[in-house]
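K.L.:
Mind looking over this structure? Questions follow.
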Amino acid sequence: MKKSVKLLVITAIAAAALSACSKAPAKDSASSNEGNYTIGIAQFAEHGSLDNCREGFIQGLKEEGIEDGKNLTIMYENAQADGGTGSQIINNFIAKKTDLICAIATPMAQAAYSGAKKTDIPVIYTAVTDPVAAALAKEDGSSVGEVTGTSDKLPVEKQLEMIRKILPDAKTIGILYSTSEVNSEAAIAEYKKAASNYGFEIVEGPVSATADIPLATDNLLGKVDCLNNLTDNTVVSSLPLILDKAGKKNIPVFGSEIEQVKIGCIAAMGLDYVDLGKQTGKMAAKVLKGEAKASELKYEVIKDAAFYGNTKVAENLGITLPSELTDSAAELFKEIK
């Protein structure tokens, strides 16, 4: 009888232990060990500025002790400027329960937050010109949810001032932009508001798809003294074509960041997208380490724009870049890549 009671007690204890184990909460992310992370990097399009953002983001994480191949696994996907593909990428990252999603460019950031807001996966974005207009932040810069990041807001006033110094007689500036990118709509509005202060008129060249760009470029080049390029992902992806067409008509094209100047824009008061990416990576590190939630971090901007010029492009166009700009340049390029 005693043996039977003892056996029953042992059996009961074992059953209770098994029950407790089965109720233990499972880790709800892709990481299997504390201090090891899996992140998904979703990039909207393939061009220099966004590539630099990604490179800088990874560097920023590394500087904070989170390094690819050591305690970090990176899943990278590029949507090739296709919104449907972008949504699929985000859904894939969510299905794999990544610890964090880094979304590069406004359309991808919007897709990432839309997809992830019903999960516990935070979204850190970069290269988003206007987070408020994109419904990713409130007017005071605070987050609308578990999403935050960095803005590549263009230094519009400084850009217009630079164009006036380089082209003292110019009257019209043409800007190509995608009607589906809210960041571009916001930038166009700001340029139109400020242009008259510098004696310019903005002539718009809206496009709805990449296929529209050749004809839109031709139409715009017949109406303006120069082109000014934004950080519009659809347009930037076709920048070599635009530069070729403008060059044949001897019309200068101004860029918005360093990579655009390298490949043929005459100049830019622009941002360094590697630095922007680093800044974003450091924000992501805080979230991954549990030092802050994405919802607790206001979005950040790089306030200092620098002058970048291409003397070879200027020479080809018969234009002299003013010494007041070149003497303080962050970088001058003597060839076209």
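K.L.:
Go through region 234-332 and tell me which helices (runs of 4 or more DSSP H), entirely inside it, have 2 or more residues that are more than 21 Å from Ile166 (Cα to Cα) and not acidic (Asp, Glu).
P.N.:
239-248, 273-288
Results for (1) hydrophobic (A, V, I, L, M, F, W, C); (2) under 20 Å from Glu257 (Cβ atoms), shown as yes or no for each residue.
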site	(1), (2)
Met108	yes, yes
Thr119	no, no
Pro122	no, no
Val132	yes, no
Ala137	yes, no
Ser143	no, no
Asp152	no, yes
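K.L.:
Identify the residue in region 208-257 that is surrounded by 14 or more Cβ atoms within 10 Å (Cβ to Cβ) and among the charged types (D, E, K, R) and, among all such residues, is nearest to Phe307 (Cα to Cα).
P.N.:
For region 208-257, the residue satisfying everything is Glu257.
K.L.:
Which residue is most open to solvent (accessible area, probe 1.4 Å), if the candidates are limited to region 290-337 and must be among the β-branched types (Val, Ile, Thr) and under 20 Å from Val128 (Cα atoms)?
P.N.:
Once the filter is applied, the top-ranked residue is Val301.
K.L.:
Within the set of pairs 6 or more residues apart or between chains, which connect a residue that is in contact (Cβ under 8 Å) with a residue 12 or more places away in the chain inside region 302-314 to a residue that is open to solvent by 40 Å² or more (accessible area, probe 1.4 Å) and charged (D, E, K, R) with Cβ atoms less than 7 Å apart?
P.N.:
Ile302/Asp275; Ala305/Lys158; Tyr308/Glu331; Thr311/Lys334; Lys312/Lys334; Lys312/Glu335
K.L.:
State the number of residues belonging to region 213-233 that are in contact (Cβ under 8 Å) with a residue 40 or more places away in the chain and either in a loop (DSSP other than H, G, I, E, B) or among the aromatic types (Phe, Trp, Tyr) (or both).
P.N.:
7
K.L.:
For the structure I just gave you, tell me whether Pro131 is in contact (Cβ under 8 Å) with a residue 40 or more places away in the chain, surrounded by 24 or more Cβ atoms within 10 Å (Cβ to Cβ) and in a loop (DSSP other than H, G, I, E, B).
P.N.:
Criteria met by Pro131.
K.L.:
Going residue by residue through region 139-156, is there one that turns out to be under 26 Å from Val207 (Cβ atoms), of a type outside the set (Phe, Trp, Tyr), modelled with pLDDT of 95 or more and open to solvent by 20 Å² or more (accessible area, probe 1.4 Å)?
P.N.:
no
K.L.:
May I pose another question? Which residues, taken from region 40-73, are hydrophobic (A, V, I, L, M, F, W, C) and either farther than 23 Å from Asn233 by Cα or assigned to a loop (DSSP other than H, G, I, E, B) (or both)?
P.N.:
Phe44, Ala45, Leu61, Ile66, Leu72
K.L.:
Exactly one condition in (1) assigned to a loop (DSSP other than H, G, I, E, B); (2) open to solvent by less than 50 Å² (accessible area, probe 1.4 Å); (3) without any contact (Cβ under 8 Å) to a residue 40 or more places away in the chain; (4) more than 19 Å from Asp232 (Cα to Cα) is not met by Ile94; state its number.
P.N.:
(1)
K.L.:
Further question on the same structure: Sort through Val261, Val287, Val274 and tell me the only one that's at pLDDT 95 or above and either surrounded by fewer than 21 Cβ atoms within 10 Å (Cβ to Cβ) or closer than 21 Å to Gln159 by Cβ (or both).
P.N.:
On the way: Val287 fails: either surrounded by fewer than 21 Cβ atoms within 10 Å (Cβ to Cβ) or closer than 21 Å to Gln159 by Cβ (or both); Val274 fails: at pLDDT 95 or above.
Of Val261, Val287, Val274, the one residue that is at pLDDT 95 or above and either surrounded by fewer than 21 Cβ atoms within 10 Å (Cβ to Cβ) or closer than 21 Å to Gln159 by Cβ (or both) is Val261.
K.L.:
What single numbered condition from (1) modelled with pLDDT of 50 or more; (2) in contact with a Ser or Thr (Cβ under 8 Å, 6 or more places away or on another chain) fails to hold for Ser31?
P.N.:
The one condition Ser31 does not meet is (1).
K.L.:
Filter region 38-58 down to the residues that are modelled with pLDDT of 95 or more and surrounded by fewer than 17 Cβ atoms within 10 Å (Cβ to Cβ) and list them by number.
P.N.:
Glu55
K.L.:
If a residue must be of a type in the set (A, V, I, L, M, F, W, C), in contact with an Asp or Glu (Cβ under 9 Å, 6 or more places away or on another chain) and not in a strand (DSSP E or B), how many such residues does region 158-199 contain?
P.N.:
Residues flagged as of a type in the set (A, V, I, L, M, F, W, C), in contact with an Asp or Glu (Cβ under 9 Å, 6 or more places away or on another chain) and not in a strand (DSSP E or B) within region 158-199 amount to 8.
K.L.:
Right, another one. Could you check Ala292 against (1) free of Cβ contacts under 8 Å to residues at least 40 places away in the same chain; (2) out of contact with any Lys or Arg (no Cβ under 9 Å at 6 or more places or on another chain) and say which number it fails?
P.N.:
(2)
The values are calculated or read from the model by the stated rules, or taken from the named source; none is laboratory data. The structure displayed is predicted, hence computed values, not measured ones. Methodologically, a virtual Cβ is constructed for each residue, glycine included, from the backbone with ideal geometry; neighbour enumeration extends over all protein chains shown. When the accessible area is computed, the model is the full protein with side chains, heavy atoms only, and any ligands, DNA or RNA have been set aside. Shrake-Rupley method; radii C 1.70, N 1.55, O 1.52, S 1.80 Å.
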